[in-house]
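> I have a structure here, written as structure tokens, and I will follow up with some questions on it.
The values are calculated or read from the model by the stated rules, or taken from the named source; none is laboratory data. As the structure is a computational prediction, the values presented were derived from the model and not from experiment. Backbone-built Cβ (ideal geometry, glycine too); neighbour counts: all protein chains shown. Quick note on the areas: whole protein, heavy atoms, side chains included, nothing else; ligands and nucleic acids left out. Shrake-Rupley method; radii C 1.70, N 1.55, O 1.52, S 1.80 Å.
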Amino acid sequence: MTAAEIEDAVSGVGLEPLAAGVADRFQIYLDLLQKWNARLNLTAIRDPEEILQRHFIECIFAAQHLPGQIQSLLDFGSGGGFPGIPIALCRPEIHVTLGESQSKKATFLREAIRTLGLENAEVYNGRVERLRRTFKAVTLRAVDKMQEACQIAVGNVAPGGYFVLFVTEDTSLALVSEFDQIDWASPVLLPGSSQRLLLIGRSSIDVPRGTSIP
């Protein structure tokens, strides 16, 4: 798959054009995913076109929908780097921490960061409940035991920060009702889907006067 085909796919679903050189880096990322996927099972999707549509396009969509004032983001259970790496590629002003407890997947993520030259990304290899930091945004996508993971991850959302979930219609209502400290926006359909949704909420916990949110 070429960088031009990636750019065409982005414009084909009505997204804003990628910045210069970003499609080339997505092409490199795709090649790296396919190379490592044979032994790590980073994604069950093997076809490059499906990876582009299901992983890249959905994550680029999320990157373009994130509010402008975010400077730090935790990708909880990053796995193959979704959505953290696409967000880091599309939003270089955001420092992205890729949280991954499995050492082999964390090794892949470090290699992806190195190969792509992502100076705004790092890997946290450990259980996120032990990460005593808060972030202006926390994302979860395709993690095991989503509801339990959200209960942990919400503790990493800074006061006034954003909770960003990739959900389905079946799971969104239960998640929305679970967290009364989050003010949820209306879910948005992800490109090419009638069931998968992007759900963004903001922490309603007050930010103390004089406190700087990273």
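> Give a residue-ordered list of calculated ³J(HN,Hα) values for the range 13-22 (Karplus: 6.51 cos²θ - 1.76 cosθ + 1.60, θ = phi - 60°; whole Hz; x for Gly, Pro).
These are the phi-based 3J(HN,Hα) values: 9, x, 7, 5, x, 6, 5, 4, x, 6 Hz.
> In addition: With a 1.4 Å probe and all protein chains kept in place, how much accessible area does W36 have, in Å² rounded to the nearest 10?
Here the accessible area works out near 40 Å².
> Quick one: ranking D47, D8 by accessible area, 1.4 Å probe, largest first, what do you get?
D8, D47
> From largest accessible area down, sort Y29, Y124, Y162; use a 1.4 Å probe on the protein chains.
Result of the area sort, largest leading: Y124, Y162, Y29.
> About its Cα centre, what dipole magnitude does the chain give when the only charges are +1 on Lys and Arg Cβ and -1 on Asp and Glu Cβ, stated in debye to the nearest 20?
800
> Per residue of the range 73-85, in order, report the coupling 6.51 cos²θ - 1.76 cosθ + 1.60 (Karplus, θ = phi - 60°) as ³J(HN,Hα) in whole Hz, putting x for Gly and Pro.
So the Karplus estimates, Gly and Pro as x, are 8, 10, 9, 6, x, 5, x, x, x, 10, x, x, 5 Hz.
> Report ³J(HN,Hα) in whole Hz for each residue of the range 45-51, in order, from the Karplus equation J = 6.51 cos²θ - 1.76 cosθ + 1.60 where θ = phi - 60°; Gly and Pro get x.
Using θ = phi - 60°, the values come out as 7, 10, 6, x, 5, 5, 4 Hz.
> Quick query: amide H of G161 versus all other amide H atoms, modeled in the peptide plane; which residues come in under 5 Å with a sequence gap of 5 or more or a different chain?
Amide H to amide H, under 5 Å and 5 or more residues apart or across chains, G161 pairs with S203.
> Heavy atoms of the protein only, probe of 1.4 Å, neighbouring chains included. What is the accessible area of K104 in Å², nearest 10?
K104 has an accessible surface of roughly 150 Å² with all protein chains in place.
> Sticking with this one: Roughly how many Å² of E49 are accessible to a 1.4 Å probe, to the nearest 10?
90
> What is the percent carbon and sulfur in the accessible area of the range 87-179, measuring with a 1.4 Å probe over the protein chains and ignoring ligands?
C and S fraction of accessible area: 46 percent.
> Here is a further query. Can you tell me the dipole magnitude for the range 1-47 around its Cα centre, using point charges on the Cβ only (Lys, Arg +1; Asp, Glu -1), in Debye to the nearest 20?
I would put it at about 360 debye.
> Determine the dipole magnitude for the range 1-106: charges of +1 sit on the beta-carbon of Lys and Arg, -1 on that of Asp and Glu, nothing else is charged, the reference point is the Cα centre, and the result goes in debye to the nearest 20.
Roughly 500 debye, rounded to the nearest 20.
> Continuing with the same structure: Long-range amide H contacts for L74: which residues qualify at under 5 Å (H placed 1.01 Å from N, peptide plane, sequence gap of 5 or more or a different chain)?
Amide H neighbours of L74: T97, A137, V138, T139.
> Another question, if that's okay. Largest first and in whole Å, give the semi-axes of the range 4-98's equivalent ellipsoid, each being the square root of 5 times a Cα gyration tensor eigenvalue.
Equivalent ellipsoid semi-axes, largest first: 20, 17, 11 Å.
> As a test of the definition: which semi-axes, in Å, follow for the chain when you take the square root of five times each eigenvalue of its alpha carbon gyration tensor? Largest first, please.
Each semi-axis is √(5λ); the values are 26, 19, 17 Å.
> What value, in deg cm²/dmol to 500, does the helix sum -39500 (n - 2.57) over DSSP H runs of n ≥ 4 give at 222 nm once divided by the residues of the chain?
-10500 deg cm²/dmol
> Given labels modelled 7 Å from the Cα in the Cβ direction, how far is it in nm from R39 to E122?
Modelled inter-label distance: 2.8 nm.
> Further question on the same structure: Under a 1.4 angstrom probe, counting protein chains only, how are M1, M146 ranked by accessible area, largest first?
If we order M1, M146 from most to least accessible, we get M1, M146.
> Can you list the lysines whose alpha carbon sits under 26 Å from that of K136, skipping same-chain ones fewer than 8 residues off?
Leaving aside lysines fewer than 8 places away in the same chain, those within reach of K136 are K105, K145.
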